[in-house]
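Peer 1: Dropping a structure here in C-alpha cells format, bear with me for questions.
Computed from the coordinates by the stated procedures, all read-outs in this text should not be read as laboratory data. Since the model is a prediction, treat every value here as computed from it, not as a measurement. Cβ placement follows ideal geometry from the backbone for every residue including glycine, while neighbour counts extend to all protein chains displayed.
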Amino acid sequence: NGTIRNILGGTVFREAIICKNIPRLVTGWDKPIIIGRHAHADQYKATDFVVPGAGTLELIFKPASGDPAIRHVVNEYKGPGVAIGMFNTDASIIDFAHSSFKFALDRKYPLYLSTKNTILKKYDG
C-alpha cells in the first residue's frame, strides 16, 4: 500500500463496487459516494521513538536560507514515553487538491471537502 500511495502522490480514492444483482441498502442512490484521501507523509513517513526517561522533546526547523531556526518545546517528560514527528509538504497538498478536482471533473461528480484537523492543525495554512 505504501509504495502505491507514494507513486500516486498520496491520493487514494475509495469507491464502492456496485453489483446489479445485489440489492442496495439505500435504493435511491444511483452513484457511489467516493472518498478521496490524502495519504502522503503525515503518519506514513513519520519518525517515532521511545523516550527513555525524563527530558525535553523539541521540534526544530533549520531554514536552508540560514535564517534563525524555529524551535518549539513539544513536551517536558517526567518519565519514559513515546514521541512522533510528522510532516507534509505544500506540493503534496496541492497535488491532492488537483487530483481531487480532476477526478470529480472526469466523473462529473460534485466535490466536497471535509477535513480532520486533529492530525495536523496547521494543515490548511
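Peer 1: With region 1-115 as the region, which strands (runs of 3 or more DSSP E) entirely inside it contain at least 3 residues that are among the β-branched types (Val, Ile, Thr)?
Peer 2: Values: elements: 11-15, 34-38, 47-51, 55-61, 70-77, 81-85.
In region 1-115, 47-51, 70-77 are the strands (runs of 3 or more DSSP E) which contain 3 or more residues that are among the β-branched types (Val, Ile, Thr).
Peer 1: Is region 69-83 home to any residue that is under 15 Å from the mean Cα position of the chain (by Cα) and of a type in the set (D, E, K, R)?
Peer 2: Filtering region 69-83 for residues under 15 Å from the mean Cα position of the chain (by Cα) gives none.
Looking for residues that are under 15 Å from the mean Cα position of the chain (by Cα) and of a type in the set (D, E, K, R), one finds none in region 69-83, hence no.
Peer 1: On to the next question. If a residue must be out of contact with any strand residue (DSSP E or B) (no Cβ under 8 Å at 6 or more places or on another chain), in contact (Cβ under 8 Å) with a residue 24 or more places away in the chain and hydroxyl-bearing (Ser, Thr, Tyr), how many such residues does region 39-74 contain?
Peer 2: 1
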